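The values are calculated or read from the model by the stated rules, or taken from the named source; none is laboratory data. Note that the structure is a prediction, hence the values are computed from the model and not measured. Ideal geometry is used to build each Cβ from the backbone, glycine not excepted, and the neighbour counts take in all protein chains shown. Calculation scope for accessible area: heavy atoms of the full protein, side chains included, ligands and nucleic acids excluded. Shrake-Rupley method; radii C 1.70, N 1.55, O 1.52, S 1.80 Å.
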Amino acid sequence: MKNSSDLVKQLKAIVGDEYVVHLPEDLLVFERDGSPENEVPRLVVLPDTTAQVSQVMRLAYENGIPVVPRGAGTGLSGGAVPQSVSILMPLSRMRRVLDVDVTNRTAVVEPGVVNLDLSHYTEKYGLHYVPDPSSQKACTIGGNVGENAGGPHCLAYGVTTNHVLGLELVLADGTIVEVGGDVRDAPGYDLTGTVVGSEGTLAVATKITVRLMPLPEAVKTFLAVYDDMDTACSAVTMLIGKGLVPAALEMLDNLTIQAVEPYVHAGYPLDAGAVLLVELDGMDETVKVESDLVGNLLAESGAREVRRAETEEERQLLWAGRKGAFGAFGRIAPNYYLLDGVVPRTRLLEALRYATDLCAERGLGLANVFHAGDGNLHPIILFDERQPGKLELAMRAGGDILKKCVELGGVLSGEHGVGLEKLAYMPLMFTPEDMKAMLKVREAFGNDGLLNPDKVFPKEGEVAEYIPQSAAVLNAGTGSYI
Amino acid sequence: MQQPRTLPTLFQSSLPSHSVHSGEGLEPYRLDGLIPEVALSPKDEEQVASILSICHAEGLAVVPWGGGTRMGLGNAPARYDVALLLTGLNRVLEYQPEDLTTTVQAGLTLATLDAELRKEGQFLPLDPVGYDRTTLGGVQASAASGPLRHRYGTARDQTIGIRVVHADGTITKAGGKVVKNVTGYDMNKLYIGSLGTLGIIVEASLKVMPLPASEGALLAFFPSIETAGEAALGVMGTSLDTAFLSLVAGEAVHELPGGRSVDGAAALAVGAFGQAAPIARVLRDATAICNRNGAAEVATVSSNEVTNLRRVLAEAPRGGSTTLMARLGVRPESVAGLIQSMAELSNKYSFNFGAVAHISHGIVHSGWTGKEGLMEAQRQATFIEEARDVARAEGGYLVLESAPPGVRALVDSWGDARGGQALMSNLKQQFDPTGVLNPGRFVGGI
Ligand SMILES: Cc1cc2nc3c(=O)[nH]c(=O)nc-3n(C[C@H](O)[C@H](O)[C@H](O)COP(=O)(O)OP(=O)(O)OC[C@H]3O[C@@H](n4cnc5c(N)ncnc54)[C@H](O)[C@@H]3O)c2cc1C
């Protein structure tokens, strides 16, 4: 291997002097993403163009140095956490919206474009980019492609993969390839769909062609208040069963309400067992008809009270509670472990009961705020790391809950990805053969261990039993929500 | 005299004798002049697995068959020993209506699955040509779609999990049975549209949808393809919630309800699903847009006729005596221009031409028949190459979906892959290095 100063010199020649970070004190800020995992990278390189990405990767490849792509670092499973031997490559300088094609309803963006910025940018054309992770003020489209991110409004309209049409990719060895594009269903394998959600282990996306949708004409938001979680869960099953697919269907439990209400003042009753947020959007006529329907169904669903936001201000207030939930947990416990399991919608209640009983038994707090409409749970285990053994206990409880999700016919992750966090849980869902098939894809993309290594797949021979080795113990500030 | 082959006997221990077909029974499985040695009809994935492990060990080439509705897609197989008939895998394995998901075996026909779902007031919004006979696995493998892709997307959007049998007989699963999942790679996407060249799809989990309360549609007839195209882009540019938006041209216009008497060059079909008020709004606004763009006639389709209209839109350019069929893709705004060029080119060749385009996705299904005696193979092949050049000039592609064997021998089904051919070859190499599965039939000789 070349000595470091040589390497630094070559990298500087590619991206410019100020865009290679190599001093130990400067590197420190790049050691983690949204997860608790951390390791200081060997170098940080910030390219500005596809050509630079390609040259950086070729150089790294030739020198046998792993590269870890990074967006905004809001990922919750450790996908963008570097290794001490690796070059961390944030794509944050590449944040240009290259094209908005209003007639064909597509846009081409660089990976560093912040999710919400894209929708703001296209608003003037009456269009928006639908997938809206709760971190959308910070996370990037490239990171969304990495994780196949979801969001509250993905229930009716689909997640990232349903909105990405094409990619410009740089492979591990620096080769640039274009796949898919704004002409759909072109001959060949669906390489775009294969790369979305691959957590930066197949290729680095340097251009992303996305589909845009018209802004809804009308939006209507309801809040239904329930005495207990059971009734709230049955309401979700009932709404879906009645053939309604609202734009969003979100639930908060009592502990979450307790945490969030005192400082957000969304008007959630403190003694409620759960509240359900239901949002309808679309054409004026559709929203009008469906809101009558939903209003009636909620009234009959055993809700103690059903509120309907009459103004945009009232709507924002109802959402403020949902959006403020995450930041509010700091008020009731110093640490939390956020999970991301999915169960079939009819098993929601069972999964929640299991988690509640388990945490009660083990002396851990548990709050639930989640995307109820698609069965995507976010159990939040609350604890105090300073109490000996509690972290261990929380991690173990998290593993048990995920295991239960799988048993109930569900999966380990609905939107946050496997990363480092769930490596050891993969065998709960996949046989060695299942994983071997996935690794063949990695092989075909020419990643022989130099592009985001050690992520997603447990090493061969790793024990099938999960070890709570890591988890997303978060300390996110106010203003972000999950 | 050739040595009598004993290929069928290889499978005697893994399949009951009534599942092993040879001799006379093989004629229906002829492809591009090739006839397999044996046809096998397994009943479950274990049987599929043992068949493939034998084929793998013996170096035999396997061509999977679903309903046989789109076997014209893809090039002639490089080798063809075994026809693998998958219609025996036809059970619904799990169906929980309140989850809006189902898990079924891949040989189930769409029509049968739909009948099951309708009992619960639900449906699968996949409506490709050949709906009555086509199997789910066949639709997935060929990524076939119909008019409803406009609103609901395609198999890639409906499929949440898949089980495949690999070239060596290994069975693996991808995805899951829930509607949201990012655990591991999204292998569903890889298998969908891979024409059985990476693995045999034996089972799939799907998202299903509630049946709409009602369906409405209008049919507008236009004096030119251009004006119909303008109207279509006009509708697409609004926030109207349309279920389908299909541009119909040439001979296909006459297949439409009420289209026989019309001598317009093109028509636009606009559909809406849901409650009465939103449907009325869509039809009202769309009518205004059509009129503004010079529609000769705008007719409302009565609600019980909409299903029929949707079938016609799925089948029209490819029905009856069609000799050549192709799927073309361009950007939405280039659709009308492409169809116009196709019409002119067809005219030059004296071919009858019809097209149905799902314009918001830029997909143009086209069909051609010959006017007396002008359909020699070479001429058809030259025509296809010219048509492909026209599509390319618009930034698009042409995939030949059906043609007489003589024509197929002269022209590649796919044209070139637009990007990533090397990656595709690598994938094939990883998944099927010895070429057991549909060898030679896919893009770039895969
Ligand atoms: C408060 C909070 C709320 C959240 N809410 C949601 C939510 O509602 N829904 C949801 O899905 N997620 C949510 N997340 C998780 C996170 O925001 C998403 O996973 C997001 O997509 C990550 O984007 P990023 O730009 O921060 O990517 P990073 O965290 O930097 O990277 C994520 C992964 O993508 C890879 N990657 C980054 N850029 C590229 C590229 N250009 N090409 C290839 N791979 C790349 C990385 O290597 C890594 O594996 C939340 C996180 C927080 C902190």
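Kindly identify the range B:222-316 as rounded, prolate or oblate by the Cα gyration tensor criterion: order the square roots of the eigenvalues as a ≥ b ≥ c, call it rounded if a/c is under 1.5, otherwise compare a/b with b/c, prolate if a/b is larger, else oblate.
Cα axes put the range B:222-316 in the oblate bin.
Give me the percent of accessible area attributable to carbon and sulfur for the protein assembly as shown, probe 1.4 angstrom.
It is 49 percent, rounded to a whole number.
Ordering B:Glu116, B:Glu230 by accessible area with a probe of 1.4 Å, largest first, what comes out?
So the residues, ranked largest to smallest area, are B:Glu230, B:Glu116.
What accessible area per residue comes out for the protein assembly as shown, rounded to a whole number of Å², with a 1.4 Å probe?
Values: 32210 Å² over 928 residues.
Here the per-residue accessible area is 35 Å².
Can you give the charge dipole size of the range B:92-210 about its Cα centre, rounded to the nearest 20 debye, using +1 on the beta carbon of Lys and Arg and -1 on the beta carbon of Asp and Glu?
260 debye
Quote the accessible area belonging to B:Arg310 in square angstrom, nearest 10, computed with a 1.4 Å probe and with ligands, DNA and RNA left uncounted.
So the heavy atoms of B:Arg310 present about 20 Å² to solvent.
Run the numbers for B:His254 and B:Gln96: contour at 0.36 nm per residue of separation, minus the present Cα-Cα distance, in nm.
Values: separation 158, 0.36 × 158 = 56.88 nm, distance 4.17 nm.
Here the answer is 52.7 nm.
Scanning chain B for helices, which whole DSSP H stretches are 30 Å or more long along the axis (Cα) and average 1.6 or more by Kyte-Doolittle?
In chain B, no H run is both long and hydrophobic enough.
Can you list the aspartates and glutamates whose alpha carbon is less than 12 Å from that of A:Lys9, not counting same-chain residues fewer than 8 positions off?
A:Lys9 reaches A:Asp17, A:Glu18.
Setting aside same-chain residues fewer than 8 positions from B:Lys428, which lysines have a Cα under 22 Å from its Cα?
A:Lys436, A:Lys440, B:Lys173, B:Lys189
Looking at B:Thr154, B:Ser350, B:Leu211, which one has the Cα that reaches farthest to the positive end of the dipole of the protein assembly as shown (charges on Cβ: Lys, Arg +1; Asp, Glu -1)?
Working it through, the farthest residue towards the positive pole turns out to be B:Ser350.
Is the shape of the range A:218-323 rounded, prolate or oblate, going by the alpha carbon gyration tensor and its root eigenvalues a ≥ b ≥ c, with a/c under 1.5 for rounded and a/b larger than b/c for prolate?
Oblate, because a/c is 1.5 or more while a/b does not exceed b/c.
To the nearest 0.05, how large is the calculated FRET efficiency for A:Glu407 and B:Ser302 if R₀ is 45 Å and r is the Cβ-Cβ distance?
0.35
What aspartates and glutamates sit close enough to A:Lys403 to cross-link, taking a C-alpha to C-alpha distance under 16 Å and skipping anything fewer than 8 places away on the same chain?
A:Asp340, A:Glu350, A:Asp357, A:Glu421, A:Glu465
Which entries of B:Lys43/B:Lys207; A:Lys220/A:Lys404; A:Lys220/A:Lys323 show an alpha-carbon separation above 28 angstrom in the structure shown?
A:Lys220/A:Lys404
Size of the dipole of the protein assembly as shown about the Cα centre, Lys and Arg at +1 and Asp and Glu at -1 on the beta carbon, nothing else charged, in debye to 20?
My answer is approximately 780 debye.
Chains B and A: how much accessible area gets covered up at their contact, both sides added, probe 1.4 Å, in Å² to the nearest hundred?
So the buried area, both faces added, is about 6200 Å².
What is the helix-to-structure angle for A:229-241, meaning the angle in degrees between its Cα long axis and the longest Cα principal axis of chain A, kept from 0 to 90 and rounded to the nearest 10?
The angle comes out at about 80 degrees.
On C-alpha positions alone, give me the angle between the axis of helix A:432-444 and the longest principal axis of chain A, in degrees, nearest 10.
50 degrees
For helix A:348-361, what angle does its Cα long axis make with the longest principal axis of chain A, in degrees from 0 to 90 and rounded to 10?
Taking the Cα atoms of chain A, the angle to A:348-361 is about 80 degrees.
Per-residue HN-Hα couplings for the range A:77-90, Karplus 6.51 cos²θ - 1.76 cosθ + 1.60 at θ = phi - 60°, whole Hz, x for Gly and Pro?
Result, ordered by residue: 10, x, x, 9, 6, x, 10, 4, 8, 9, 8, 8, 10, x Hz.
In debye to the nearest 20, how big a dipole does chain B give about its Cα centre with +1 on each Lys and Arg Cβ and -1 on each Asp and Glu Cβ?
400 debye
For the full complex of protein chains and a 1.4 angstrom probe, list A:Thr74, A:Thr122 by accessible area with the highest value first.
Greatest to least solvent exposure: A:Thr74, A:Thr122.
Looking only at B:Ala204, B:Ala174, B:Ala296, which one moves most when chain B is put into a Gaussian network model with springs between Cα atoms under 10 Å?
Result: B:Ala296 has the largest fluctuation of those listed.
Top to bottom by accessible area (1.4 Å), largest first, where do B:Ile200, A:Ile14 land? Walk me through the numbers before you get to the answer.
Working: B:Ile200 5, A:Ile14 30 Å².
Most to least solvent-accessible, the answer reads A:Ile14, B:Ile200.
If I take the Cα coordinates of the range A:333-482 and project them onto the principal axes, what are the three extents in Å, biggest first?
Reported extents, whole Å, longest axis first: 45, 37, 33.
Once you've got the GNM for chain B with C-alpha springs shorter than 10 Å, pick whichever of B:Gly193, B:Gly121, B:Gly435 has the biggest mean-square fluctuation.
Among B:Gly193, B:Gly121, B:Gly435, the largest GNM mean-square fluctuation belongs to B:Gly121.
Please give me, ordered by residue number, the trypsin sites (Lys or Arg not before Pro) of the range A:320-408 that lie in loop per DSSP and have at most 15 other Cβ atoms within 10 Å.
Here the sparse-neighbourhood loop sites are A:Arg386.
Considering the dipole of the protein assembly as shown built from charges on the beta carbon (Lys and Arg +1, Asp and Glu -1) around the Cα centre, which of A:Gly399, A:Ala424, A:Gly188 is farthest to its positive end?
Farthest towards the positive end: A:Gly188.
With label points built 7 Å along Cα→Cβ from the Cα atoms of B:Arg292 and B:Ala276, find their separation and express it in nm.
Taking the simple label geometry, B:Arg292 and B:Ala276 are separated by 2.8 nm.
GluC sites (Glu not before Pro) within the range A:270-339: which are DSSP loop residues with at most 13 other Cβ atoms inside 10 Å?
Filter output for the range A:270-339: A:Glu300, A:Glu310.
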